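Inspection log for the structure reproduced underneath, given as structure tokens.
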Amino acid sequence: MISHDPCLRTNTDVDQWAFLYGDRANDFLFMPYFARYSQDYLIANFTLAELRTLRRKTRYGVDRNPYLHGEFMTLEEVVELALELNHQWPRKDIGQKVGLYIETKMYDYYLTEQKVDIAEKLFQVL
């Protein structure tokens, strides 16, 4: 799943679905990063189908690219999209292809708490 944050409250409409997912809200502290989330929803506690019922939004009411709104995408889908965009609409103005800069955040948390090696998963996709 592609997301900047490990939780959903600030960048999705998950609160509108509290009747369905409200029991998953909890407090989270991600060490050693000291990232705190209060009564939020951990992405890892949702299936892909459940995440796709949510709508992404920009946080803090800041206007950003409207393409950032919408449903969640998997890494595979983002890679396919980048390849398709480079093929159908090459960036002739900058003379290079559009690429991806992928940051694996909170690696230690996913490895110790979720038992998922996200570096290995990333390697498998790429």
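The values are calculated or read from the model by the stated rules, or taken from the named source; none is laboratory data. Keep in mind it's a predicted model, so treat the numbers as computed, not measured. Neighbour counts run over all protein chains shown; Cβ positions are idealised from the backbone, glycine included.
Please verify whether Gln114 is polar (S, T, N, Q) and surrounded by fewer than 12 Cβ atoms within 10 Å (Cβ to Cβ), treating the condition exactly as stated. Criteria not met by Gln114.
Before we move on, is Tyr33 within 28 Å of Asp13 (Cα to Cα) and either in a helix (DSSP H, G or I) or modelled with pLDDT under 90 (or both)? Give the steps one after another, and end with the answer.
Working: within 28 Å of Asp13 (Cα to Cα): yes; either in a helix (DSSP H, G or I) or modelled with pLDDT under 90 (or both): yes.
When the stated conditions are applied, Tyr33 passes them.
Taking the range 13-55 as the range and being buried (at least 16 other Cβ atoms within 10 Å of the Cβ), more than 20 Å from Thr104 (Cα to Cα) and touching a strand residue (DSSP E or B) at 6+ places or on another chain (Cβ under 7 Å) as the test, the residues that pass are Ala25, Asp40, Leu54.
Applying the set (1) in contact (Cβ under 8 Å) with a residue 40 or more places away in the chain; (2) more than 18 Å from the chain's Cα centre (by Cα) to Asp23 leaves exactly one unmet item: (1).
Assigned to a helix (DSSP H, G or I) and either out of contact with any strand residue (DSSP E or B) (no Cβ under 9 Å at 6 or more places or on another chain) or over 25 Å from Thr10 (Cα atoms) (or both), is that true of Lys121? Walk me through how you get there before you give the answer.
Details: assigned to a helix (DSSP H, G or I): yes; either out of contact with any strand residue (DSSP E or B) (no Cβ under 9 Å at 6 or more places or on another chain) or over 25 Å from Thr10 (Cα atoms) (or both): yes.
It is true that Lys121 is assigned to a helix (DSSP H, G or I) and either out of contact with any strand residue (DSSP E or B) (no Cβ under 9 Å at 6 or more places or on another chain) or over 25 Å from Thr10 (Cα atoms) (or both).
Look at the range 99-126: where a residue is among the acidic types (Asp, Glu) and a partner is loosely packed, with under 10 Cβ neighbours inside 10 Å, sitting 6+ places away or on another chain with Cβ atoms under 8 Å, you get Asp108/Pro32.
The set of residues in the range 85-115 that are under 17 Å from Met1 (Cα atoms), of a type in the set (A, V, I, L, M) and in a helix (DSSP H, G or I) contains only Leu111.
Conditions (1) at pLDDT below 90; (2) in contact with a Leu (Cβ under 6 Å, 6 or more places away or on another chain); (3) under 16 Å from Ile102 (Cβ atoms); (4) not in a loop (DSSP other than H, G, I, E, B), marked per residue:
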{"position": "Ala44", "(1), (2), (3), (4)": "no, no, no, yes"}
{"position": "Glu50", "(1), (2), (3), (4)": "no, no, no, yes"}
{"position": "Tyr60", "(1), (2), (3), (4)": "yes, no, no, yes"}
{"position": "Tyr67", "(1), (2), (3), (4)": "yes, no, no, yes"}
{"position": "Met73", "(1), (2), (3), (4)": "yes, no, yes, no"}
{"position": "Glu76", "(1), (2), (3), (4)": "no, no, yes, yes"}
{"position": "Val79", "(1), (2), (3), (4)": "no, no, yes, yes"}
{"position": "Leu83", "(1), (2), (3), (4)": "no, no, yes, yes"}
